[in-house]
Amino acid sequence: MRDFQMLGFDPDVDDPEDEWCDAMLLPEVKLDIRNEILMLPYTDIQTYPQQLAKALIALLERLGCEQLVLLGHVKTNLFGDSKHTDPELLRVRSTLQALIGHASFQECIKLDLASVAPLLDIFFWLGRLDPELPEYVFWMDEGQRFCFFICRYGNIHWLSWHKQKHLEKKYFQELGFRLGADYDQFV
């Protein structure tokens, strides 16, 4: 988290004590990090989040992941900016509010695999349509072996740092993911 907050930090303008950069003062930790970009080839944007959730849940189950923690790389509202009123944004914000019981939320969300599909739908559309949403909303394995974020194109950016052997590429490919592709397949 610290390193991602450092990416957007400008020492001439920003103060490391500001609430949005709450991980900046944490000690630096050196990790052997592997990054894979995963695209699920699929062309129907309306049903893409559901298809992506199925593949992602299958991957998480294979890895023995039962719980995730969802959090933004900076401490800011996970609902994005309410001035953006696209109908899809209004729908997913309403769903998010029903799930967490608030219309604004800056903390992390702990979830089990049953919550992955609805939250993936929410954050796919928020990330795609609301530029005020934190650029990186991480889904972190509760066992702290890996995390990922879903970019505005709907691709999964997978980061693993577990001390055990990193996942083989075929592990992702067996679930239908194309590796390395990072473009918007819906335009």
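The values are calculated or read from the model by the stated rules, or taken from the named source; none is laboratory data. Bear in mind the structure is a predicted one, so any value in this text is a computation, not a measurement. Quick reminder, even Gly has a Cβ in these numbers, built from the backbone with ideal geometry, and neighbours come from all protein chains shown.
Condition first: out of contact with any helix residue (DSSP H, G or I) (no Cβ under 8 Å at 6 or more places or on another chain) and at negative phi. Now tell me which residues in the stretch 55-66 satisfy that.
Keep residues of the stretch 55-66 that are out of contact with any helix residue (DSSP H, G or I) (no Cβ under 8 Å at 6 or more places or on another chain), which gives 55, 58, 63-64.
Within the stretch 55-66, Ala55, Ala58, Leu63 meet the criteria.
With respect to Ala55, is the statement that it is under 29 Å from Asp184 (Cα atoms) and either at pLDDT 85 or above or not in a loop (DSSP other than H, G, I, E, B) (or both) true?
Values: under 29 Å from Asp184 (Cα atoms): yes; either at pLDDT 85 or above or not in a loop (DSSP other than H, G, I, E, B) (or both): yes.
Judged against the criteria, Ala55 is a match.
Against the condition at pLDDT 90 or above and of a type in the set (D, E, K, R), how does Asp86 come out, does it pass? Talk me through it step by step, then tell me what you get.
On the way: at pLDDT 90 or above: yes; of a type in the set (D, E, K, R): yes.
Here the answer is yes, as Asp86 does meet what is asked.
Go through (1) crowded, with 20+ Cβ neighbours inside 10 Å; (2) out of contact with any strand residue (DSSP E or B) (no Cβ under 9 Å at 6 or more places or on another chain) one by one and return the number of the condition Phe186 breaks.
It is condition (1) that Phe186 fails.
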